[in-house]
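A short write-up of the structure that comes next.
The values are calculated or read from the model by the stated rules, or taken from the named source; none is laboratory data. Predicted, not measured: the structure shown is a model, and the values here were computed from it. Neighbour counts are summed over all protein chains in view; Cβ atoms, including those assigned to glycine, are modelled from backbone coordinates with ideal geometry. Surface accessibility is based on the protein's heavy atoms, side chains included, excluding ligands, DNA and RNA. Shrake-Rupley method; radii C 1.70, N 1.55, O 1.52, S 1.80 Å.
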Amino acid sequence: MGSSGVQIVCVSLGILGLVGTIVCCAIPRWKVTAFTPCIVTVPIVEEGLWMNCVVQSTGQRQCKKYDSLLMLSADLQAARGMVIISCMLCSLCLLTLFAGADFTTCVESESAKAKISLVAGIGLILGGLLVIIPVSWSAHNTVRDFNNPLLMAFQRRELGACIFVGWAAGGLLVLAGGLLCCFSKVKSGGGSPGAAKYYSNGAGAPSAPNKNYV
């Protein structure tokens, strides 16, 4: 089993990754209007998973929820489901890790604690990938559309803050899960491998094979 210190570090990394994932899910900063120096008074449009916001040049901000899921692009539609699943999966894995960690007494068996920590580590890795995939997909589409000469300047978007937060959150979750998988060693036998066994001359000693002598 990994030490309690390593598990505490993994819990801290997992909580930070979960907070970053929730921020990505809630804040509408996935795509923002590209800077156009020739048009100063153009409003800034910020797109998220649940709403889009328009920031006027005067600083006034107006947000509106999407009327339909079909109004979103394909990458943001997929990001909705994947980020929500990541939040639920990471929350469940962190609770499971708390139950099976060395610094808690919820589970007494050492082998059971190792298995619980291993399962939690695999879940955190999957949760991190469920964040990295949609933010990378959205970033790819944003960069592709930005370099598209057929789009007008006000139609182009730049990478929002949620893209970078999502990369950081996914990396922390994958790191936490990887550490748990590396330091969670499940014991497969009752005793330690390579331990010598000593027998006395009593009843416990193995009997020698019978040989017939002529």
- [ ] With all protein chains present, calculate the accessible area of residue 47 using a 1.4 Å probe and round the result to the nearest 10 Å².
- [x] 40 Å²
Open item on the list: Could you compute how much accessible surface residue 98 exposes when probed at 1.4 Å, giving the result in Å² to the nearest 10?
Closed with: 80 Å²
Task: Exposure of residue 156 as accessible area (Å², to 10), given a probe of 1.4 Å and all protein chains - done: 60 Å²
TODO: Could you pull out every residue, at least 5 positions away or on a different chain, whose amide H is within less than 5 Å of the one on residue 107? Hs are placed 1.01 Å off N in the peptide plane, and Pro or chain starts have none.
DONE: none
TODO: Using 0.36 nm per residue of separation minus the Cα-Cα distance, give me the extension gain between residue 143 and residue 19 in nm, one decimal.
DONE: 42.0 nm
Task: Förster radius 35 Å - calculated FRET efficiency between residue 129 and residue 60, Cβ distance, rounded to 0.05 - done: 0.35
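Set the Förster distance to 35 Å, then compute FRET efficiency between residue 73 and residue 182 from the Cβ-Cβ distance, nearest 0.05.
0.40
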